[in-house]
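Novice: Provided herewith is a single structure, encoded as structure tokens, for subsequent inquiry.
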Amino acid sequence: MFLLLLDVTILLYSHPRKHVFLIKKNVFSRQPRNPQEQAIFYGLANINEDDISPHEKGQDFQINYLLNALGVIQGLTNATGSTGNTGATGSTGNTGVTGSTGNTGPTGNTGATGVTGNTGNTGPTGATGSTGSTGSTGHTGSTGPTGNTGATGVTGNTGSTGVTGPTGNTGPTGDTGNTGPTGNTGATGVTGNTGVTGPTGNTGPTGTTGSTGNTGSTGATGNGGTGVITFSPGAMTASNNTLPTSLFNVFPATNATTTSKNTIAAWRIFSSTGSGNGSVSIPPVNINFGLPKDFNGAVNPTVEIYFFSRKNNASTIPSIVNWQVYAAYGSSATEMGAAWSEIKTSGNISITEPFSTGGLVIYRANITLNSVSLAPSSWCQLTVTRIAPTSGTEYNKDLYLSAINFNYEKT
């Protein structure tokens, strides 16, 4: 019986004090009836009921069940059964490599000890191993009567917590473990948006001017421009006339005080056969002039002939005209007259007549001369007349020569 009470007492003290108090409350709410109850009461007499919460006091039925199961209140303990064989201990796992221990920082001052919290509920009891075989129990001596338990003394104040001792030296750092293999490189992330362009920096100083490059080849010399000599009807002559043969009143009067119309002067030129509006043949028209000093002999000059037709009721409309220019060139103190320097034609030009009797139709013929025979400051004679066309029907009425231009390039 002594051994049984000792086991019970140890079991009770290994659990939270709330259970110990509950045992006291439920088992010894009356005076002990036998020596066993006196022993238990004596061991629990120092528990203060005020330290137990109402919740903890509500667990009385758990303690009654425990005491009845252990046979503390009444009954003798049966013989202990044989202890079973101890189970095989499992293999101890491999100890991992100890990492490098960092330097220990200085130890801070120990804070004041906080108030002790309530004790939590007791966790579930693990499974009891198999009980080995119990040796023979000797005879138990008679237990003397248990004395009355004295009153519990007042609990003294908890002493102050002592100063924490100095921290011990840090142990040597263990060897660094092997570096593990490098993991695979992750996929490259999406490129972010281009940031805002910063302000343009200040312009740096101008660098030293480089050496001047080689001068390029001189380009071709350009011409000096275009020159023109214009001859009006009054500057032209014929063998039997020194003045234009025709004056035409064409445009309206420009003065309100007169009804006279403005006139146009022209030389009347017959066809190549001599036929025309009159019965008298008109000889060719001539112009004389000197070439300018800036005449460019590398470019061929041209002769432009301006003429017009009138309402003459030609037999065939349209019909053809062909102009011919006789040219003579000579320099100072050179005898001339044996032959023309060159003869050029305009080619066939189609001619029509105006619808009204007083109207006219303007034409222009262009003839190119040969510059090889010409030189600056040379004297020139140009004679203009009509010849038969190379094809088609010739215009058989008069045409009227109004102006001649001599166009040339300047040096």
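Novice: Could you run through the range 330-370 and say how many residues are part of a loop (DSSP other than H, G, I, E, B), of a type in the set (D, E, K, R) and in contact (Cβ under 8 Å) with a residue 24 or more places away in the chain?
Specialist: Residues of the range 330-370 that are part of a loop (DSSP other than H, G, I, E, B), as a first pass: 331-341, 352-360, 369-370.
Still in the list and also of a type in the set (D, E, K, R): 335, 353.
Cutting the leftovers down to in contact (Cβ under 8 Å) with a residue 24 or more places away in the chain gives us 353.
Total satisfying the criteria: 1.
Novice: Taking the condition of being modelled with pLDDT under 75, among the small types (Gly, Ala, Ser) and surrounded by 10 or more Cβ atoms within 10 Å (Cβ to Cβ), how many residues in the range 210-238 meet it?
Specialist: 1
Novice: Of everything in the range 74-99, what is within 60 Å of the chain's Cα centre (by Cα), at pLDDT 75 or above and either surrounded by 10 or more Cβ atoms within 10 Å (Cβ to Cβ) or of a type in the set (A, V, I, L, M) (or both)? Give them in sequence order.
Specialist: If the condition is that a residue be within 60 Å of the chain's Cα centre (by Cα), at pLDDT 75 or above and either surrounded by 10 or more Cβ atoms within 10 Å (Cβ to Cβ) or of a type in the set (A, V, I, L, M) (or both), then Val97 is the only one that fits.
Novice: Which members of the range 161-209 meet the condition of being over 30 Å from Gly99 (Cα atoms), of a type in the set (Ser, Thr, Tyr) and open to solvent by less than 100 Å² (accessible area, probe 1.4 Å)? Explain how you work it out, then say what you get.
Specialist: To start, the set of residues in the range 161-209 that are over 30 Å from Gly99 (Cα atoms) comprises 161-163, 187-209.
Right, trim to of a type in the set (Ser, Thr, Tyr) and you get 161, 188, 191, 194, 197, 200, 203, 206, 208-209.
Of everything in the range 161-209, just one residue is over 30 Å from Gly99 (Cα atoms), of a type in the set (Ser, Thr, Tyr) and open to solvent by less than 100 Å² (accessible area, probe 1.4 Å), namely Thr161.
Novice: Restricting attention to the range 378-402, and to residues there that are over 18 Å from Ile287 (Cβ atoms) and open to solvent by less than 30 Å² (accessible area, probe 1.4 Å), which single residue is modelled with the highest pLDDT?
Specialist: Restricting to residues being over 18 Å from Ile287 (Cβ atoms) and open to solvent by less than 30 Å² (accessible area, probe 1.4 Å), the top hit is Pro389.
Novice: If the requirement is being of a type in the set (Gly, Ala, Ser), buried (at least 17 other Cβ atoms within 10 Å of the Cβ) and touching a residue at least 12 places away in the same chain (Cβ under 8 Å), which of these qualifies: Ala375, Ala327? Talk me through it step by step, then tell me what you get.
Specialist: Details: Ala375 fails: buried (at least 17 other Cβ atoms within 10 Å of the Cβ).
It is Ala327.
Novice: With Ile317, Ile305 as the choices, which residue is open to solvent by less than 30 Å² (accessible area, probe 1.4 Å) and touching a residue at least 24 places away in the same chain (Cβ under 8 Å)? So that I can check it myself, show each step before the final result.
Specialist: Numbers: Ile317 fails: open to solvent by less than 30 Å² (accessible area, probe 1.4 Å).
Selected residue: Ile305, the only one of Ile317, Ile305 that is open to solvent by less than 30 Å² (accessible area, probe 1.4 Å) and touching a residue at least 24 places away in the same chain (Cβ under 8 Å).
Novice: What residue, of Glu335, Glu353, is open to solvent by 20 Å² or more (accessible area, probe 1.4 Å), at pLDDT 90 or above and not aliphatic (A, V, I, L, M)? If you could, list the steps in order and put the result at the bottom.
Specialist: Values: Glu335 fails: at pLDDT 90 or above.
None of the others qualify; the one that does is Glu353.
Novice: Quick check, is Thr158 exposed (fewer than 10 other Cβ atoms within 10 Å of the Cβ), hydroxyl-bearing (Ser, Thr, Tyr) and either on the phi > 0 side of the Ramachandran plot or at pLDDT below 80 (or both)? Lay out the reasoning, then the answer.
Specialist: On the way: exposed (fewer than 10 other Cβ atoms within 10 Å of the Cβ): yes; hydroxyl-bearing (Ser, Thr, Tyr): yes; either on the phi > 0 side of the Ramachandran plot or at pLDDT below 80 (or both): yes.
Against the criterion (exposed (fewer than 10 other Cβ atoms within 10 Å of the Cβ), hydroxyl-bearing (Ser, Thr, Tyr) and either on the phi > 0 side of the Ramachandran plot or at pLDDT below 80 (or both)), Thr158 qualifies.
The values are calculated or read from the model by the stated rules, or taken from the named source; none is laboratory data. It should be emphasised that the depicted structure is a prediction, and the values quoted were computed from it without experimental measurement. Cβ sites come from the backbone with ideal geometry, for glycine too, and all protein chains shown count toward neighbours. We work out accessible area using only protein heavy atoms, side chains counted, and drop any ligands, DNA or RNA first. Shrake-Rupley method; radii C 1.70, N 1.55, O 1.52, S 1.80 Å.
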